[in-house]
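Just below is one structure, and these are the notes that go with it.
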């Protein structure tokens, strides 16, 4: 679930989705904008779309490892 296995592809594991989310955070975005951008990117790359709850789990994972923060209605990438 978190990590890819022989049954879960990398692009569907939470860590893979989290990586896609971080790549899309070139600027601060709302949750709905970020989800929309992720769906568009996955469609253009020929990947299956993901459900909103799986997207939120990936964002929660990123929040828990302090890779992103939520401030004033926007998701922001933490500085390295």
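A few points about this structure:
- Filtering region 5-19 to residues that are touching a helix residue (DSSP H, G or I) at 6+ places or on another chain (Cβ under 6 Å) and touching a residue at least 12 places away in the same chain (Cβ under 8 Å) leaves 14, 16, 17, 18.
- Failed condition for residue 32, given (1) under 13 Å from the mean Cα position of the chain (by Cα); (2) surrounded by 13 or more Cβ atoms within 10 Å (Cβ to Cβ); (3) more than 15 Å from residue 12 (Cα to Cα): (2)
- Yes/no for residue 2 being touching a helix residue (DSSP H, G or I) at 6+ places or on another chain (Cβ under 9 Å) and surrounded by 15 or more Cβ atoms within 10 Å (Cβ to Cβ): no
Read-outs throughout are calculated quantities, based only on the coordinates presented, and are distinct from any laboratory measurement. This is a predicted model, so every value here is computed, not measured. We place every Cβ from the backbone using ideal geometry, glycine too, and count neighbours over all the protein chains shown.
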